[in-house]
Amino acid sequence: MKNNDLILVTGAGGFIGGALIRYFRKKGFTRIRAVDKKPLPMWYQRIPDVENLCLDLCEKDNCVKAAEGAVEVYQLAADMGGMGFIERFRIECLRSVLINTHMIEAAYRAGCQRYFFSSSACAYNVKLQEDPNCRALKESDAYPAYAERGYGWEKLISEMFCQEYWAERKMRTAIARFHNVYGPWGTWDGGREKAPAAICRKVIEAKDTGNKEIVIWGDGHQTRSFMYIDDCVLGIDKIMHADNLIATPVNLGTSEMISINDLVSLAETIGGVKLKRRYDLNAPRGVAGRNSDNTFIKKMLGWEPDTPIRKGLVTTYQWIEQQYDDRKAGKETVRDTI
Ligand code: NAD
């Protein structure tokens, strides 16, 4: 890539898209097009000197407009959220297949050299995730397919588009299966937030209101691994530019498995508080256990995401606390970042 080659990031008003643009700007890329369906004032981050477009990428013509002249495309747009969202809104999740259908074709027609797709660990067979002490998931565990209803199946189909655009049309595609990403500038309230942000916010709220109780979704024994946002954007760059990984799904996550109960304890320690735990067994809880097997990524890239959760959660907690305080004080959220 030359520094003035045009990079397109879709889903740019969201968590990972915003962070990825910041990463490319810092690396010295001068021509970046950022596209999202949300109106600009609602984007999580806005980075200076970037062409920001508000377009609904479910529409083919908008994908064509977005892809025009792009040398590389990073497709991060999806209608998604944490378990609370993807278990309740499966149809919305499935509809992201429209974005992925039109976007890859538009990129191909625009002559794009590399195309990145953000897949998910939700594409894995759920039958392998029924025990909190499950073994870590390796890439081949997606088949025989039994993906998460809605969201996971959409990701599997869209992965297949990437594989076939390489097999039939020789467009270089990259596919990363993200495992729970967290960090500053992520969704932290409103119903689409994921466990680390939700737990931090609940601890902050409990401290602020003096109601020393926390509601935990499920029995708290569920396990996951959580990847810090800086590892995620670095991993995207590495996977996109690895010629030994073309059209090959690869895990992008940490292999540090932690239970939700332990995640709560960590957030309590950071907040300097101990809360009474109430378990909501009717709340969405997702699979019982999930972890990333990083054997393949280490072999192919000599690298894996490795920010420990105890480190990444500190900055995440502090950022959410700042957002919480600012909102309470009636201050506007700062969205223009460098
Ligand atoms: P996000 O919700 O913060 O960002 C996604 C963005 O896509 C949003 O800003 C949304 O407005 C935009 N979008 C939705 N529909 C659109 C449309 N029709 N046209 C244009 N834009 C549209 O999510 P994120 O956490 O940044 O996730 C980015 C990608 O990574 C998604 O594909 C997601 O499925 C995948 N992923 C994320 C995680 C995670 O833990 N965050 C885990 C696995 C996979």
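Would you say R192 is touching a residue at least 60 places away in the same chain (Cβ under 8 Å) and assigned to a strand (DSSP E or B)?
Considered against the rule, which asks whether it is touching a residue at least 60 places away in the same chain (Cβ under 8 Å) and assigned to a strand (DSSP E or B), R192 comes out as no.
When you look at G152, is it within 15 Å of the chain's Cα centre (by Cα) and either at positive phi or without any contact (Cβ under 8 Å) to a residue 40 or more places away in the chain (or both), yes or no?
On the way: within 15 Å of the chain's Cα centre (by Cα): yes; either at positive phi or without any contact (Cβ under 8 Å) to a residue 40 or more places away in the chain (or both): yes.
Criteria met by G152.
Quick one: which strands (runs of 3 or more DSSP E) lie wholly within segment 19-103 and hold at least 3 residues that are open to solvent by less than 40 Å² (accessible area, probe 1.4 Å) and modelled with pLDDT of 95 or more?
Numbers: elements: 32-36, 51-54, 72-75.
Output list reads 32-36, 72-75.
Out of the residues in segment 113-130 that are part of a loop (DSSP other than H, G, I, E, B) and without any contact (Cβ under 8 Å) to a residue 60 or more places away in the chain, state the one that is most open to solvent (accessible area, probe 1.4 Å). So that I can check it myself, show each step before the final result.
First, pick out the residues of segment 113-130 that are part of a loop (DSSP other than H, G, I, E, B): 113, 124-125, 130.
Those still in the list that are without any contact (Cβ under 8 Å) to a residue 60 or more places away in the chain too: 113, 125.
On the way: Q113: 115, N125: 20 Å².
Among those residues, the one meeting the criterion is Q113.
Only residues that are farther than 13 Å from A288 by Cα and within 16 Å of the ligand (Cβ to nearest atom): list them for segment 109-123, please. Give the steps one after another, and end with the answer.
In the first step, residues of segment 109-123 are kept if they are farther than 13 Å from A288 by Cα; the result is 109-121, 123.
Within segment 109-123, Y115, F116, F117, S118, S119, S120, A121, A123 meet the criteria.
Only one of (1) over 10 Å from V9 (Cβ atoms); (2) more than 8 Å from the ligand (Cβ to nearest atom); (3) over 17 Å from the mean Cα position of the chain (by Cα) fails for E87. Which number is that?
E87 satisfies all of (1) over 10 Å from V9 (Cβ atoms); (2) more than 8 Å from the ligand (Cβ to nearest atom); (3) over 17 Å from the mean Cα position of the chain (by Cα) except (3).
How about segment 1-36: which of its residues are over 22 Å from F178 (Cα atoms) and within 15 Å of the ligand (Cβ to nearest atom)? Reasoning before the result, please.
Of the residues in segment 1-36, the ones over 22 Å from F178 (Cα atoms) are 1-6, 25-33.
Passing the criteria: only R33.
Is there a residue in segment 132-150 that is out of contact with any strand residue (DSSP E or B) (no Cβ under 9 Å at 6 or more places or on another chain) and closer than 25 Å to G13 by Cα?
Checked against the condition, which is being out of contact with any strand residue (DSSP E or B) (no Cβ under 9 Å at 6 or more places or on another chain) and closer than 25 Å to G13 by Cα, segment 132-150 yields at least one hit.
The values are calculated or read from the model by the stated rules, or taken from the named source; none is laboratory data. What you see is a predicted model; the values in this text were computed from it and never measured. Every residue, glycine among them, receives a Cβ derived from its backbone with ideal geometry; neighbour counts consider all protein chains shown. Remember, those area values only see protein heavy atoms, side chains included, never the ligands or the DNA or RNA. Shrake-Rupley method; radii C 1.70, N 1.55, O 1.52, S 1.80 Å.
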